[in-house]
Structures are given as C-alpha cells and as structure tokens.
Amino acid sequence: MNSFRNHRIVIASLFLPSTAVVGTDSPIATPEIKPPSFSVPDVLQRVEAATKGPVRPALRKGSNPPAKSIVDDLITLKSRNPTPAATPAQESINPFFFKTNGAVTPRKHQTTHSDHRTRVQRKGSSRSSSRRPESELGIRDEWHIEHNPHCNGGLKNAIVSMGDKLKKKVWVGTVGTHTDSFSEPLRHAVDRKMLVEHSSIPVWIPDAEFESCYDEFCHQVLWPCLHYAIPDAPKTKMFYESASFKQYVAVNQRFADTIAANYQDGDIIMVNDYHLMLLPAMLRASARIPAHAPIGFFMHVAFPSSEIFRCLSVRRHLLSGLLAANLIGFQTANYARHFRQTVSRIMAYEALPRGIQVSEGAGEARRTRFVDVGVFPMGIDVQQLEEKKREPDVGEWVQVLKQRYAGMKIVVGRDKLDEIQGVRHKLLAFQTFLEKHPEFQQKVVLIQVALQTTSTDLAGSIADIVTHINSRFSTLTYQPVVFLPTQDLTFSQYLALLTVADAFLVTSLREGMALRTHEFVECQEGRHRPLILSEFTGSYSYSGFRSCIAINPWDTRGTAAAINQALTMSDDEARGRWEDLHNHVTTQTGQAFVTTFLSRCVRSHTEQHLQSHEAAPILDMHRVLPRYKHSSKRLLLMDFEGTLWARPKPAAGGFPPESDSDAGLERALEILRRFAADGRNDVWLLSGLPIAGVLTRIAKEVPRIGIVAENGCFIRPKVTPHRSSSMLSMNGGKRNGVNLSPVNTAATLPGGWINMVATFNLTWKSSCIEILNYFTERTPGSFVEERQASIVWRFWTGETAKDCGDRQWALRQAAEAQNHIFDSLGERYGLRIIPGDNSFLVLPNNVSRSTAVGAILHPGGPAQTALSRGVGWMSPDAGDDVAAHGDLDLVLAVSGDEKLIRRLNEFDEAETVATGGKATDARWRLDADKVLETLGVFASVGVYRYSVC
C-alpha cells in the first residue's frame, strides 16, 4: 500500500453530506420553539415594562414579518412624544432587506453553505423536534436527495477539494431525518440512489436510539467534557451516570456493521469526530474486516486535559475504542499532547512523542503495538472560496452594505449560540468598548451572525444583554448590535459581510480550528483588516495566526481594548498582519489536510504491518546452529535478567540481599565464560540493572565480555590481552588478569565503565524521587529503586495475575505517578517512562539498549575508540552499524527488547531470538525456560579449539 490514491476511502461521519427528503417538504423542519427576540420592538417593550409604561401587544404566534426600524417603532408608539417634523425614512434592522416600491421586502435566498455547520439541537427540540412527526411522513412515491444541513461542512469541503485526486471514496453516515416510517422498499431505493449518485451509504438507526445517543450522550456528556465545560447540578448525574451510553454503543455498532457489510479489500477507513469514538475497535472486532485494514480516526473538536477526561465514567471504553486505529489525528499539538497524557494516566500505556505504545495481555501472551498520534490542521477550500467571491451577487451585496453603513465601522462575528462559543463574553466586551470609547458610539455596529440553539438559559441571558446594549446606546437611526440568524443569510451575503468588515471577532472559550476566521482572511484580500481571535481556539496555536490580535475572552476589558486596537490600526500594520494570516490559510488548506492525514495513515499502517505481531517460529537449531558453527566472526547480544538469570522476586520494601550461592547466577556465569572463551565471539551482556551489585561481580569474574548497564546509560567494554588474537594462548579458558586491560582507556568511571549520560542533566532525579516517595506512602508494599541515571518504582510486589482491590489501587497510583512525573519533569528534562506489569522505569529519553548497541557497532563510538566524543553513535539508524561491522558473519541476539530487535533485523547477518511472548518482530522465539539450555549448546561449539586465556 504505497498511496491512498490507489485505494477506496471509506469516510465514516455521523451525517452524510446528502439527505433523503420525502415529498416537497424540507428535510429538517424548523423547531416549534420561539427563538429569543433581539428585535428593536422587543427592546422597547422591555424598556416600557421597566418603566411601567404600556406594553405593545406581542406578535401573533407563527408570524415572522421583517424586523422594523427603530424610527418605525417610535412612530407607532402612542406613549412617546409626537413625531418630529423631519422623520427619517423607514429602514430595516436587517441590512439584507431592501425596499421595492416603498415596501420592505426580504430577498429570497438559498440555504447557508455547508461550512456553516448547524448541529442538530438537543432532545426536545433538536433531532426529535426537527424530524417531522410520523403522522406527517407517509411513505410517498415522491422523494428526492438534497444537501444535508447537519453534515460536517469542513470535512465535506475538504474531501470535495481533492477532486480527481480522490476519485474512489464512499461516505457512511445517517441521513439526518426521521426514518422510522421509511418502508423497506423506500430504504432500498434511497440506498441505491445514494450510492450511485452521491457515493454514500446510509446507516439506518431507530429514531429513539439516535436521539438518546446524539442528544443526550454526545451533547450533554461528551461535548461539554471535550470543551472543558463539566456541567453543574442538576446535569451532573447525566454527565457522570449517563444511561445513554448504551445507545452510543449501539449507534457505533450499527456503523461498524454497515462498513463491514460494504467493505472491499484494500479500503482505507477514515473515522471522524467524537460521535464515533468506539468505531475503530468495533471494526477491528469484525470478522468481515481483515486485521490489517488501515483505520484512521480524526477528532474535529478539542481534546481536554486528563484532569477533565478522567471524570467520564466510560473513559476507558472510549480510549480503547480510539486506540484500535492505526492513526489518531487532532487539530493541534496541544490536543494531541492531552490525549497522550490521558492515555498514559488512565490506561498506563507508554506515551511517546509520536504516539502510544499499547501493551496488551500479560506474560507470554503479552503483545505490543504502536498507535501513531499526529497533528493535522483543518483548512478551507481556498480555490472554491475565490470563485464564490467573484460572483456578481457578492459584489452587489458589498455595495448595499457599504451604502447601509456608510461612515461606520463594522465588527462581525459568527457563532453558534452555545456556552462554548463565548457570545455572552463578546457582547459584554462590546458594551465595555462603547463605554470606554464614547467617540465610537453611533459610529460602530456589531453584526452577529447567530446559529440558533434551544439553550433557553443562554438565549435568555444573551437577549437581556442585547436588550440592555441597544436600549442604552440606540438612537433614532442607530442600533449598535444586529443579530442575523443564519437561515436569514445566504452565502453570498455572508461573504459580502466578511468583505466589508473592519474587524472579525471570535471569543470562543474553547474550540478547534475556527474555519470562519480563514474565510474572513481570504475575504479581506483587498482591505487587510485585522482579526481578533481568542487564544483558546485551535487556530491560534499555529504561528501564522499569531499575527491576529489575541484575546482572553474572560478578560472583558482586554477584549474591549482589542476592539479599539483593531478599529484604529494603521493600514500598514494591518496589511503586515494579514499577509501572515493569508500565508497560513493558503498553505494549510482542506486539500492539504486530507492529503497529509491519509498519507500518514497509509504510512502508519505500512510500518505497523511490517512489525506484525504474528507468532514467530520456535528457534530452529538445525538452521541456526550450523551457521553459528561455520562463522568466523560473531557478535552475541544477550539480555541478562529475565533471559540468562531470573532475578529474585521483590518483597515489600525491596529486593532480598544477593547471595553468593545463587545457583541460577552461577549457571549464567558459566555460560558467559564459555562464550567468552571462543575467540570468534564478541559477547555483550545487556542489562537494566545498576553497576553496583551483580554486574560488578560479572565484570570481575568474566572480564572478556562487554556489559551494558541501566538500559544503555553505562557501558563497560570488554578487556582483552595486549597481544593480538592470532597469538592467543590455549589454557582452557582460565583468566590471566596480569595481561588484561580495557580497550578504551578513556573510561570515566571506576572499573572501566563509560558514562553515556555524562552530559545529561540528571537533576530531575531528586524531584522524581520526591514524587515517588509521596505515592509510595500511599501504596502498600511499593518501593523506589534508585539507580545512577534512572529510577524504578515497583508499585506491586504480589502475584501479577492476581486481580484484587490492592492491585487495582496500585495500578491507579502508578498511572497517577507516571502522569505527574511526565507533566512536571518529562518535557522539561527529556525523560522517558517505560511501564511494566508491576513497575515503571524513568530514564533519559535518548538512551536505550538499541542506542547502546549503536555505540558498540559504530566506528567512532565510545566503546570502540577513546578519541570519540561525538554523539553520532546515538543515531537510531542502523546504516552506520553496517559500515562499522561489515565483516561480521553472524549477529545473534537473544532479547526481549523489540526496539533492538527491529534494529538488528535490518542486518542480513542477524538472527534475532525473542524470549518474551508470541507477539514479537524477532525471526525466532524461545521459551524462557529453554534459554540457558539452548545457549549452552551454542557455547559448546568449538570452545576447545578457539579457547583463550
């Protein structure tokens, strides 16, 4: 699989780009809920009510006449003063209403473009109320396909922008309408037409099931959590104990069944957004989809800190669902970092800069796999927007707006009426701006394009603020705040509004990529007016958007000052800022997003597939032993603990003292002596233990082997006679210490040890120990094992397979400790945390057994020459290793370190043998209880012929 263009892309999103409409009705009826009124008549009614004056009769329910001007309202109010002699002509609050023969007439328009995403509203007025009642939706012969207003507009535009580069694709999602009354023949007809004409496959979900999933779990549980808005009482119970998770699981399973039923060999599956977080795992569990199928997941919204996400009762289910994908994408680096930390904290997996090392199973059944985590900024279709801007209709509306607001400054905003979008904060800041800068009163207007919701509390609060601002600062011909519902605005009108704007204001409290800001930047190509952007949006995290005027939406005065700065900014400064914004928008486009995400998904899948975890065959001695026997120069790499020697089990408080009568250690030493006695062997022992203790004893008793301590932090080169190997004497393998000396005379530690982390900052250790001591006090039986350059915390000393309350507590404490260490020390000092079944290791980031082998093989490495002080040997690539030891006949590695095994597999001369479970990239595997016996056979080959002193 070399390119996504050669494969069909299955795009799973909650809503399809198109929907099926029965009859001539609209696919989504307008909810029968009276929206908050922001008209001037409502303002005057509230003012009159406050002064106990007469109140005008309310408009008849269901009527929706054009909003009248303040002048017209004042004329009709009998309680007001007589009308002045010169009365200004009537004018509409909505600038897109125009006059025909003296009458104010709304201009007919089409639906707002798909980028202006309208999320289905919540239960009681969202999908349930937006669908037509079953009694109205009979199964008729007339039906048609039209645009789905609930689809992910940004995703749709990005996919469409690919054009011929993405010919083979299919969408999978719901149609977004009431479907319970659809007959089977009608569903089959919709399926056929959707697939043939729109490359879409509908997922048929019962209405009640969908409403519970979408309105309750997605919007009242997941959406607030992902945007740092944990609800207070009385919604708390819904958040923590939502029974709607069952429907969320069911909806995801219906998606999985639909994709599996339509899967074709070679498909690349792209899962989108928080509605389908369980889908990757369900696809992996499907018998119809091969285990090697590439699956990518992209989160289109924010991802919170682990402190927020851990509040979810179903947190592990959601994370496990995502981790089944090959690639998980986020909008910004911060969101990706939050996800990695959350997984590390909750799942206790190793979090690396590029992704997550997932460990599954235990003991011999333990397997590991890597899940890529990447950053892919969403963008807009710049080319399509340019074409739309050149349409005559846009230019016509630009002239209308310029005439309507001649001599005035226009601040534009476009937000959903949601707590997260910060509309309330925007209005309060605009009010403060008018108070602090009275010179702008009657000279500036805020035009807020509003995507209506049915959050009555928020709508009422916003209505009160708008009423207050307009009643306080309005005059006969001026109204400072104008609200325009999106259904009253065409895309051409919206582009015209962005074109004439003097500033665009975004006050989101938390948001992903604010694509409306990208549209504003491109519409300002001729004027270059500034963008005021919340620092809590994903867009602001990119360097190109740092040229905006950044604000903290919680700082009302600061936002008011930013509005003043934008309206008074010089043309030269505004142009310089706009150029930086424009460069980002035209670079990070929708097409670039799709291309990079799918390419990375294919590459991640290929890398992970090559590192397949199918069971390696048992070591075939009939094939490997003859090769070992006839080779003249061998490199032997062997793990110590867990392979040659079983370290005594720890007790509460620490390990038992070392015993001189350890039979297992004596047997391992005998094997090492026999290997070292063969002059064709270059033997290296790889260990995670500290220098002091058993490794010091091995170095003393078997000096002719090299030793790696603390997983590569320290290296002790072998000692060799001064005379050449051709003059080696034969004495049965006995040592003659008088004639031995270290190869590398630049050893920096006593005993010939080389400190590979001498230039590293190890001051983190004291802080790390302090943190671990805190958790040790709260975890029975745990203890800290401090080493020279690394630290191990053993949080459980009982049986690994034992699943009890104490072990579960220890695992939770371990996850907390890892997260705390990573947050406070990890990025600052460049640390790596490697979790195990009962412990975890903290060590410097760029040190491992693999890098230690690089030092051994590299010609300029510290284990080869005393003259080298560079760090070229630290390279993770094996290319230099081949050049250094091209004359090797055999590399035999017996290890459980998968990273080292993958590195050695690049050598044709290598025979890699895993000692862990069945899941390995090694060419062979060997049961742990057979290792010493098997190595004894190798050690016996030619020992008498080639033995040295």
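Suppose the chain between Trp809 and Ala287 were pulled fully straight at 0.36 nm per residue; how much longer would it get relative to their current alpha carbon spacing? Walk me through the intermediate numbers first.
Values: separation 522, 0.36 × 522 = 187.92 nm, distance 3.56 nm.
Residue separation times 0.36 nm, minus the Cα-Cα distance, leaves 184.4 nm.
Give me the Å³ per residue figure for the convex hull around the C-alpha atoms of region 642-682. Kindly include the intermediate steps, with their values, before the conclusion.
Numbers: hull volume 3.3 nm³, N = 41.
With only Cα atoms used, region 642-682 gives 82 Å³ per residue.
Tell me, what is the Rg over Rh of region 764-844, with Rh the Kirkwood radius over Cα pairs? Mind showing how you got there, number by number?
Working: Rg = 12.0 Å, Rh = 12.6 Å.
My calculation puts Rg/Rh at 0.96.
Please give the residues of region 615-646, grouped as numeric ranges, whose backbone N is less than 15 Å from a label point set 7 Å along the Cα-to-Cβ vector of Glu360.
615
Loop only per DSSP, at most 12 neighbouring Cβ atoms within 10 Å: give me the GluC sites (Glu not before Pro) in region 461-558, ordered by residue number.
Numbers: sites: Glu511, Glu519, Glu522, Glu525, Glu535; in loops: Glu525, Glu535.
Passing sites in region 461-558 are Glu525.
Only counting other Cβ atoms within 10 Å, I'd like Tyr478, Tyr628 sorted with the fewest neighbours first. Can you show the working numbers first?
Details: Tyr478 15, Tyr628 20.
The fewest-first ordering by Cβ neighbours comes to Tyr478, Tyr628.
Calculate one ³J(HN,Hα) per residue across region 594-600 by plugging θ = phi - 60° into the Karplus curve 6.51 cos²θ - 1.76 cosθ + 1.60, and present them in order as whole Hz with x for glycine and proline.
Whole-Hz 3J(HN,Hα) from phi for region 594-600: 5, 5, 5, 5, 5, 5, 5.
Quick check: the distance between the Cα centres of region 274-306 and region 508-549, to the nearest angstrom?
Cα centroid to Cα centroid, the span is 30 Å.
Multiplying the sequence separation of Lys436 and Ser766 by 0.36 nm and subtracting their Cα-Cα distance, what value in nm do you get?
On the way: separation 330, 0.36 × 330 = 118.80 nm, distance 5.18 nm.
That works out to 113.6 nm of additional length.
Holding the Cα-Cα limit at 18 Å, pick out from Lys165/Lys389; Lys409/Lys443; Lys649/Lys899 the pairs that are longer than that.
Working: Lys165/Lys389 25 Å; Lys409/Lys443 6 Å; Lys649/Lys899 26 Å.
Exceeds cut-off: Lys165/Lys389; Lys649/Lys899.
Across region 676-683, in residue order, what do the Karplus-derived ³J(HN,Hα) couplings come to in whole Hz, using 6.51 cos²θ - 1.76 cosθ + 1.60 with θ = phi - 60° and x for Gly and Pro?
Once rounded to whole Hz, the list reads 5, 6, 8, x, 7, 9, 10, 9.
How much length, in nm to one decimal, is gained on full extension between Ala928 and Lys629, taken as 0.36 nm per residue of separation minus their Cα-Cα distance?
Extra length available between Ala928 and Lys629 comes to 105.3 nm.
Report, in whole Å, the centroid distance computed from the Cα atoms of region 771-790 and region 410-429.
Here the two parts' Cα centres lie 49 Å apart.
Quick one: 3J(HN,Hα) in Hz for region 488-494, Karplus 6.51/-1.76/1.60 with θ = phi - 60°, rounded, Gly and Pro as x.
Per-residue couplings from phi come out as 9, 9, 8, 5, 5, 5, 5 Hz.
Jot down the per residue volume, in cubic angstrom and as a whole number, of the convex hull over the alpha-carbon atoms of region 501-602. Spell out each step's value before the answer.
Numbers: hull volume 8.8 nm³, N = 102.
Value for region 501-602: 86 Å³ per residue.
Report, in cubic angstrom per residue, the convex hull volume of the C-alpha atoms of region 582-710. Intermediate values should be presented prior to the final figure.
Details: hull volume 34.1 nm³, N = 129.
Roughly 264 Å³ of hull volume per residue.
Largest first and to the nearest Å, give the Cα extent of region 314-409 along each principal axis.
Each principal axis gives a Cα extent; for region 314-409 these are 76, 26, 24 Å.
Only the coordinates and a few stated rules stand behind these numbers; no lab work does. If you're wondering where the values come from, they're calculated on a predicted model, not measured in any experiment. Don't worry about glycine lacking a Cβ; one is built from the backbone with ideal geometry, like all the others, and counts go over all protein chains shown.
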